[in-house]
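Let me begin by presenting the structure, written as structure tokens, before commenting on it.
The values are calculated or read from the model by the stated rules, or taken from the named source; none is laboratory data. All figures in this text were calculated on a predicted structure; none of them were measured in a lab. Every residue, glycine among them, receives a Cβ derived from its backbone with ideal geometry; neighbour counts consider all protein chains shown. These area figures cover heavy atoms from the full protein model, side chains too; ligands, DNA and RNA do not enter into them. Shrake-Rupley method; radii C 1.70, N 1.55, O 1.52, S 1.80 Å.
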Amino acid sequence: AALNDALRSQVSAALKEGRVTPTELCQRCLALIKSTKFLNAYITVAEETALKQAEESEERYKRGQPLGILDGIPVAVKDNFNTAGIETTCASNMLKGYISPYNATVVQKLLDHGAVLLGKTNLDEFAMGSGSTDGVFGPVRNPWSYSKQYKEKCVPKSHSEEEESDWVITGGSSGGSAAAVSSFTCFAALGSDTGGSTRNPAAHCGVVGLKPTYGLISRHGLIPLVNSMDVPGILTRCVDDAAVLLGSLAGHDPKDSTTIQDDFKPFELPNLTDVSKLSIGIPKEYNAPGLSSEILALWSKAADLFKNAGAKVVEVSLPHTRHSIVCYHVLCTAEVASNMARFDGLEYGHRSDTKDSTESMYAATRREGFNDVVRGRILSGNYFLLKQNYEKYFVKAQKVRRLIANDFVKVFRSGVDVLLTPTTLSDAAPYTEFIQEDNRTRSAQDDILTQAANMAGLPAINVPTALSERGLPVGLQFIGRSFQEKQLLTVAKWFEKQVQFPVMQLEEVRRHDSGVFQHQKSASFS
């Protein structure tokens with residue numbers, strides 16, 4: 001129960017008062033990581049480093065000099081952020097064994113605030129996917145697959161059959177981070193969000209997933225996928241905790257020229273009691289093909305919740321939304337082709353043993369180091385960037401992206417404060433069903449409700465809202481004005497309080513600890 005407490009109001013207070021020590025908290029989380037190993041949420045567990053950091057935190061508390069709310073708090077980081085002394089793999093053969101000489105800015109900021117880094121979490125290879133099923137370390141299992149709520153709704157099967165067919169995906173690509181937070185193995189985790197990769201798994205795993213405004217948090221040290229859309233994402237169990245993390249991570253970074261120039265002032269979220277001055281927009285285009293009737297009903301119910309509380313609820317139009325997923329695919333693959341060019345086997349990462357020629361070594365290295373999904377996106381991107389196709393695809397997509405961004409500007413100028421939309425088309429799919437379709441098809445379906453916010457650079461947050469008929473989490477998305485995170489999070493906090501999302505009852509954890517996934521490694525800072 002203590003592991004489900006909010007950072008600001010309960011855990012930090014318990015640490016200050018000595019009711020629990022950072023070491024005890026760290027040991028409990030490490031024990032949970034071991035007993036939930038079957039989830040495959042972590043690629044690397046930095047046990048030795050984490051315990052050392054916890055001991056240092058404990059000394060600061062004894063001296064009465066904690067570094068802040070995050071001091072002694074166990075966190076996890078997606079394995080596409082560079083960490084000094086700890087392997088950074090991007091769940092790929094290309095970067096297996098790669099140890100960065102520096103920390104990503106967001107990782108360094110967490111450590112500077114006293115957070116305890118437990119390890120690196122699993123993902124789709126190079127963050128290309130929406131299920132966390134396509135990394136070289138195997139798929140991530142959704143903790144809700146083993147919850148009392150889900151099992152009560154499932155048709156009983158034998159244990160062996162259940163193990164293989166009943167578990168559901170986490171969403172992606174930050175599925176490891178979402179599963180880590182959802183299963184109580186850490187209090188917060190970093191993900192990355194290029195087209196919904198933080199919000200999508202947050203919705204499927206029943207946690208809060210925040211994608212900040214582009215430029216509010218530094219991307220330095222985040223291995224790039226799409227430079228013009230990537231943002232570090234925040235995963236927590238409540239909105240207040242997301243605000244705490246944001247306050248620690250946001251602000252200018254001289255190592256990232258796209259960050260804001262002004263200093264960011266951390267804020268504490270007020271308890272909103274009067275929503276009568278709020279205007280909530282309901283974009284009609286988000287009633288997209290494939291949206292389940294269950295989520296449509298929940299979306300409508302949420303809109304009524306605001307309306308009945310006195311808020312102004314208006315239907316709005318974002319007319320270019322229907323073009324956004326195609327536009328996103330062109331721009332995403334074009335930037336992927338450019339970014340992946342650095343992995344040539346010369347400077348770092350995997351290098352093929354082929355010695356015929358430099359060209360054959362390049363080709364063999366990339367063939368061996370990248371999976372089919374990554375190679376497919378590189379090929380698509382290079383096609384769109386060919387001289388004869390550049391104007392027809394890439395330039396046209398950039399123009400459509402501007403139209404999409406302008407749609408949001410017009411809606412917010414009309415007086416709307418926050419947009420309310422679904423986050424996903426349905427609840428989490430069973431793994432066996434999810435892998436029937438290829439990565440590209442799945443990503444196009446799963447990103448359809450989230451990627452427009454990335455193309456417009458706007459802040460967006462998933463708030464867990466209810467359980468589906470199958471006993472699985474369903475979330476709704478709030479999209480805010482650029483750099484208006486405080487307003488967005490305040491509205492999200494009010495909504496979170498109204499819906500009272502249930503705590504997962506994770507049952508029979510020990511029975512599933514069968515050692516199926518043995519790849520987890522120890523690591524320590526050099």
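State whether the residues of the range 351-371 include one that is within 23 Å of the chain's Cα centre (by Cα), in contact (Cβ under 8 Å) with a residue 12 or more places away in the chain and buried (at least 16 other Cβ atoms within 10 Å of the Cβ). Yes, that holds for at least one residue. Residues of the range 401-443 that are closer than 27 Å to residue 201 by Cβ, β-branched (Val, Ile, Thr), assigned to a helix (DSSP H, G or I) and open to solvent by 20 Å² or more (accessible area, probe 1.4 Å): 432, 441. When restricted to residues that are over 15 Å from residue 468 (Cα atoms), open to solvent by 30 Å² or more (accessible area, probe 1.4 Å) and modelled with pLDDT under 90, the range 125-170 contains 11. The C-beta contact set for the range 25-48 (first residue without any contact (Cβ under 8 Å) to a residue 60 or more places away in the chain, second residue aromatic (Phe, Trp, Tyr) and open to solvent by 20 Å² or more (accessible area, probe 1.4 Å), distance under 8 angstrom, 6+ apart or interchain) is empty. Taking the conditions (1) free of Cβ contacts under 8 Å to residues at least 12 places away in the same chain; (2) of a type outside the set (Gly, Ala, Ser); (3) open to solvent by less than 40 Å² (accessible area, probe 1.4 Å) in turn, residue 19 satisfies each one other than (3).
Only one of the listed residues (2, 31, 14, 50) is crowded, with 22+ Cβ neighbours inside 10 Å and either within 23 Å of residue 244 (Cα to Cα) or at pLDDT 95 or above (or both). That residue is 50.
Checked against the criterion of being open to solvent by less than 90 Å² (accessible area, probe 1.4 Å), without any contact (Cβ under 8 Å) to a residue 60 or more places away in the chain and more than 25 Å from residue 125 (Cα to Cα), the candidates 389, 382 yield just one match: 389. Just one of the listed residues (119, 68, 114) is surrounded by fewer than 20 Cβ atoms within 10 Å (Cβ to Cβ) and either out of contact with any strand residue (DSSP E or B) (no Cβ under 9 Å at 6 or more places or on another chain) or in a strand (DSSP E or B) (or both), namely 68. Say whether the condition of being closer than 20 Å to residue 94 by Cα, of a type in the set (S, T, N, Q) and in contact (Cβ under 8 Å) with a residue 60 or more places away in the chain is met by at least one residue in the range 136-145. No - not one qualifying residue is present in the range 136-145.
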